[in-house]
Amino acid sequence: MNKLMILVAAVTATTLVGCAGTRIDNTAGRATVYEDARQPGKIQGVGVESQDIMAVTDQMMRDMLSNSMLVSREVSPRVIIDSEYFTNESSSRINKNMLTDRLRINLNRAANGRLVFVGREYANMVEKERELKRRGVVDGGTIRTTAATAGADFRLVGRIMSLDKMDTGSQERSRYHQITFELIDLELGTYVWSGIYEFQKTAQDDVVYR
Amino acid sequence: MTKNIKTKVLAAVALSAFLAGCNSTQDGYAGAHPVQRTQTNEMNTIVFIDHALNRTDITRTPFGDRVRDTVKVTLDRSGMRNTETGQLEVWTTIRNRTDYDLQVEGKAMFFDADQAPLMDESMWRRVYVPANGTAVYREMSLNNRAQYFLVELREGR
């Protein structure tokens, strides 16, 4: 009799546990909202974020446009701005193209012909098309033909660097970023313009950057 | 007895009028609203859009307007000039009048000779102002078409 009661109790308990295990949390989540990318959003960490990318590129662009060695030449200089020689040596995960592309695009729009940008990143694409034209597979286009593609006068180089500190007691961490931008004269090898952007952030960092 | 009621009614009316007077501020706003909120932003001015930094409150009382200034930050000097490349440069020195380090963010908008917007709006630039110290905010337009500016300052977050 005693054994039977124990068996019934065990079966009942198993059934109840089984019922409890089928509960699924399907409550509504937080609705997606647009945020102003120019300022810190709801999720913030110590890494390079949208407001930093926008601020640094805006500051560098205005500084380059105020340099008379760059924008006041009789013939507009040709410039390469891409991420080929722009390296990320920091502990922050970031796509470097976000910085170089934004800088080039906004600079190209603002310079209005005072600087000419060479798309060296797409040189292979241009060479293929030129080859097709030269072989007569396609016609010569409507604009012009040139002996060669554009050589550049200046090229962007730079680095993203960081210095990390962590308080093991409070788990707070602090990251100092230093982002350098420089233009190299592609004949002489001299620096014709330099810019630097620095910032430091502290947080109890549990944000994951992807 | 009738005289006593009239006196009480008169006192109640006077009290409510007094309290209403205390409560009202400029331009119909009630409560704490700074003068800066209802002012028109003129061209070539630098304004605080964060009223905790610098504000003037005027409260109307039966004894006249009571003016109260809240000053954490002031602008000691400001100016504008054209750079060598023709850009319009605006600058101001920000003085921290507190015993704490402050961060101030500035943003400039530029307009052409007709005061039409050039769609040249800078990103927020952060300036670190040490306690009781001074720092400089400076911004440049993108081209030589800018003739007017408007700078907005707020506390950095």
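If A:SER83 satisfies all but one of (1) among the small types (Gly, Ala, Ser); (2) closer than 26 Å to B:ARG125 by Cα; (3) within 14 Å of chain B (Cβ to nearest Cβ), what's the number of the condition it fails?
(3)
Which numbered condition trips up A:GLY113, out of (1) away from every other protein chain (no Cβ under 14 Å); (2) at positive phi?
(1)
Which residue pairs have Cβ atoms under 6 Å apart, sit 6 or more places apart or on different chains, and have a first residue in the stretch A:96-121 that is without any contact (Cβ under 8 Å) to a residue 12 or more places away in the chain and a second that is not basic (Lys, Arg)?
Note: pairs meeting the criteria are A:ASN108/A:PHE117.
Any idea which residue in the stretch B:122-134 is nearest to the other protein chains (Cβ to nearest Cβ), counting only those that are within 18 Å of A:ALA37 (Cβ to Cβ) and open to solvent by less than 70 Å² (accessible area, probe 1.4 Å)?
Once the filter is applied, the top-ranked residue is B:MET123.
Select from the stretch B:63-96 the residues that are out of contact with any Ser or Thr (no Cβ under 8 Å at 6 or more places or on another chain), touching a residue at least 12 places away in the same chain (Cβ under 8 Å) and open to solvent by 80 Å² or more (accessible area, probe 1.4 Å) and list them in ascending order.
Passing the criteria: B:MET80, B:ASN82.
Would you please name the residue that is least open to solvent (accessible area, probe 1.4 Å), looking only at residues in the stretch B:135-150 that are away from chain A (no Cβ under 14 Å) and in contact (Cβ under 8 Å) with a residue 60 or more places away in the chain?
B:LEU150
Restricting attention to the stretch B:106-120, report how many residues are exposed (fewer than 15 other Cβ atoms within 10 Å of the Cβ) and assigned to a strand (DSSP E or B).
Qualifying residue count, the stretch B:106-120: 2.
For the stretch A:24-67, name all the residues that are within 11 Å of chain B (Cβ to nearest Cβ) and among the hydroxyl-bearing types (Ser, Thr, Tyr).
A:SER50, A:THR57, A:SER66
Only one of (1) part of a strand (DSSP E or B); (2) away from chain A (no Cβ under 14 Å) fails for B:THR98. Which number is that?
Tallying (1) part of a strand (DSSP E or B); (2) away from chain A (no Cβ under 14 Å), B:THR98 fails exactly one: (1).
Among the residues of the stretch A:160-198, which ones are in contact (Cβ under 8 Å) with a residue 24 or more places away in the chain and over 24 Å from B:TYR128 (Cα atoms)?
Matches in the stretch A:160-198: A:SER170, A:GLN171, A:GLU182, A:LEU183, A:ILE184, A:ASP185, A:LEU186, A:GLU187, A:VAL192, A:TRP193.
The values are calculated or read from the model by the stated rules, or taken from the named source; none is laboratory data. Fair warning: this is a prediction, and the values are worked out from it, not measured in the lab. Note: ideal-geometry Cβ built from the backbone for every residue, glycine included; neighbour counts use all protein chains shown. Ligands, DNA and RNA are excluded from the accessible area calculation, which covers all protein heavy atoms including side chains. Shrake-Rupley method; radii C 1.70, N 1.55, O 1.52, S 1.80 Å.
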